[in-house]
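To keep things clear, I will list the structure first and then write my remarks on it.
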Amino acid sequence: MAARSMWKGSISFGLVNIPVKVYLATENRELSFNQLCPNGHRIQYKRWCPIDEKEIDYAEVKKGYQVSTDTYIAIDKKDIQNIKLKTTTTIDVKEFIEAKEIDPLLIERNYYIAPNTNRGAGDKAYSLFVRILSETNKIAIGKVVFKDKEHVVALRPYQRGMVMHILYYLDEIRPVDEIEGLTNTQKINDNKEELSLGKLLVENLSSKHFDMSKYSDSYTEELKKLVEAKSKGKTYTKLPAVKKEGTQDLVAALKASLQKTKK
C-alpha cells in the first residue's frame, strides 16, 4: 500500500521555492498489549480525582505545571491555544554545512521528503537540489513549524531522494558531565599491549559496508512466537540466555577473541 503524505509545503532557500511532500520514514513494529483483569476483560482507565474522590469529565480537565510537591499552576486550554504557533507551509533553509558536522545525537525523528508532483516544475527543482547537496557533500539546515512546535531540521540526500531530520535543541541534550563514571574514562587505560590487541580485534570484526539487513529484532520475533503458541493453546519455551560475566583478565580475553575472529 502506497504511503500517504502527512504534510505538504515547500523548501525555500534564497528566492528558490521547491514544492514538497513529507512522509514518515520510520514506523514502530513492536507488538502492543492491552491491560486485562484476571478474567481476561480489558481494563478501562478513568480520570479520577483522589482528593475529591470522583471521576472528572474530560471537558473539565485542565493542564497543570508542577512547581512543588502537590502544588500546580493550572493552565487553561484557551491560554495554550493562544500561544500555539501556526503550522507553516515552508521549510526555511538558513544555511548549508558539511555533512560531518551533524552529530547523530542531535537527530530526534526522520522523514522522507518527496517532490510535490502536482505542481509541475517542482520535480526539476527538487532533483537539482538533491544533486547539489550530494555533489557538494552538504546538509541544509532550516526551520519549520511542524505539529505546533518550531523545529530545527537537517535536509540531506538519501538514496533516490531526500530525508529530513528533526533535530533536538541543545538544551534538550543532557550534558555528559551529568553521567557518573564518564569524566575520566580516557585516562584509565595506558596499557600498550591491551590497546594493540584491541585494535587488532576491531580490525578482524570490521566490514567494508554496513548491511542492516543482517540484523533483526529478536525480542519482537520471540514475542510473535509466544503469541502464536498461546493462540494455539501450546506452551512456548525459550532456551535460557548464557550469562556473561565482566572480563577479569583483559589481555587473555582479547587474545582468545583474536583467535576466534581470525580472518
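Just one of the listed residues (Lys143, Lys138) is surrounded by 10 or more Cβ atoms within 10 Å (Cβ to Cβ) and within 20 Å of Ser5 (Cα to Cα), and it is Lys143. One residue is enough: does the range 65-80 have a residue meeting the conditions more than 24 Å from Ala3 (Cβ to Cβ), of a type in the set (Val, Ile, Thr), at pLDDT below 85 and exposed (fewer than 10 other Cβ atoms within 10 Å of the Cβ)? The answer is no; no qualifying residue exists. Of all residues assigned to the range 82-94, at least one qualifies as being outside any loop (DSSP other than H, G, I, E, B), of a type in the set (A, V, I, L, M, F, W, C) and within 24 Å of the chain's Cα centre (by Cα).
Of all residues in the range 95-106, which are touching a residue at least 24 places away in the same chain (Cβ under 8 Å), closer than 21 Å to Glu172 by Cα and surrounded by fewer than 12 Cβ atoms within 10 Å (Cβ to Cβ)? Spell out how you get there, then give the answer.
We begin by selecting, within the range 95-106, every residue touching a residue at least 24 places away in the same chain (Cβ under 8 Å); these are 95-99, 101-102, 105-106.
Within this subset, residues satisfying the condition of being closer than 21 Å to Glu172 by Cα are 101-102, 105-106.
Scanning the range 95-106 gives Glu101, Leu105.
Exactly one residue out of Ser134, Ser127 is of a type in the set (Gly, Ala, Ser), part of a helix (DSSP H, G or I) and either over 18 Å from Lys21 (Cα atoms) or outside the structural domain of Phe13 (by TED's automatic domain parsing) (or both): that is Ser134.
Of all positions in the range 44-51, at least one carries a residue that is modelled with pLDDT under 90, of a type in the set (Val, Ile, Thr) and not assigned by TED's automatic domain parsing to the domain that holds Val22. Under 7 Å between Cβ atoms, at least 6 apart or on separate chains: pull out the pairs that start in the range 9-36 with a residue that is closer than 16 Å to Phe96 by Cα and end on any residue that is outside any strand (DSSP E or B). Listed by first residue and then by second, the contacts come to Ile11/Phe129; Val16/Ala125.
The values are calculated or read from the model by the stated rules, or taken from the named source; none is laboratory data. Remember, predicted model here, so these are calculated numbers, not experimental data. Here the Cβ is made from the backbone with ideal geometry for all residues, glycine too, and neighbour counts use every protein chain on show.
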